[in-house]
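To start, the structure itself, in C-alpha cells.
The numbers here are math on the coordinates, done by the rules we state, and not lab data. No experiment lies behind these values; they were computed from the predicted model shown. Positions of Cβ are generated from backbone atoms using ideal geometry, with glycine treated the same way; all protein chains shown enter the neighbour counts.
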Amino acid sequence: MKGMALGLLVVLLCAGCGQRQSATSNAIVLIVPYRYANTWVFDDDRRGLVREAFVAGTPELIDKMVANIPDADKGFRLYFSATPFPGATHKLTWRRGDNAGNWYYSEDFKAECWLCPGLFKYYRTAPKELHVKAEKK
C-alpha cells in the first residue's frame with residue numbers, strides 16, 4: 001500500500017484538462033479512479049471531468065499504490081491534499097513545471113509522474129507537496 005500516493009493523485013491528475021478554476025474549499029479531496037481502456041481514469045462531475053486519464057508515469061505509480069487493494073481496477077478511493085493529513089501514506093514533491101503540467105517525485109517509488117493542467121481544477125497553483133492515501137472503495 002505504500003505506493004498509493006502517486007496517483008494523484010494522486011492526484012491528480014490527468015491528460016488534456018482545460019482551464020483553471022478556483023481552488024477547492026476542501027482541504028482533502030476525494031476522487032475514485034478506475035481502469036478504462038487499459039489506463040487509470042476518474043470522473044469528477046463538479047469539475048466537469050469525465051474519464052480524465054492519468055498519464056506520463058502516473059499509471060505505473062498508481063499500479064504500485066493499489067497492488068494490495070482487491071478489485072482496485074473497478075474503483076478505489078484516492079484522497080489527496082496539499083497539506084499532510086492523518087492516514088496519508090505517500091508524499092509527492094513538486095519538481096518542475098512545463099508548458100502544460102507539473103512533474104512530481106515520489107521518494108517511496110523513486111519515480112516521477114506528470115500531472116496535467118487538471119491539477120488546477122483543484123488548486124490555484126501547483127502545490128509544493130501532495131499527500132495521498134488510496135484505499136478500497
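Worth a mention:
- Residue within the stretch 85-107 that is among the acidic types (Asp, Glu), over 23 Å from LEU49 (Cβ atoms) and surrounded by fewer than 19 Cβ atoms within 10 Å (Cβ to Cβ) present: yes
- Considering residues of the stretch 77-101 that are in a strand (DSSP E or B) and under 12 Å from the mean Cα position of the chain (by Cα) only, the residue farthest from LYS64 (Cα to Cα): SER81
- Any hit, the stretch 106-113, residues being in contact with a Phe, Trp or Tyr (Cβ under 8 Å, 6 or more places away or on another chain), under 12 Å from ALA134 (Cα atoms), in contact (Cβ under 8 Å) with a residue 60 or more places away in the chain and not basic (Lys, Arg): no
- In the stretch 65-81, the residues that are closer than 19 Å to GLU107 by Cβ and surrounded by fewer than 19 Cβ atoms within 10 Å (Cβ to Cβ): ALA67
- Any hit, the stretch 34-41, residues being within 13 Å of the chain's Cα centre (by Cα), crowded, with 20+ Cβ neighbours inside 10 Å and in a strand (DSSP E or B): yes
- When the stretch 108-131 is limited to residues that are of a type in the set (A, V, I, L, M, F, W, C) and in a strand (DSSP E or B), the one that is farthest from the chain's Cα centre (by Cα) turns out to be ALA111.
- Scope the stretch 78-105; condition among the hydroxyl-bearing types (Ser, Thr, Tyr), over 21 Å from LYS136 (Cβ atoms), in contact with a Lys or Arg (Cβ under 9 Å, 6 or more places away or on another chain) and in contact (Cβ under 8 Å) with a residue 24 or more places away in the chain; matching residues: THR93, TYR104
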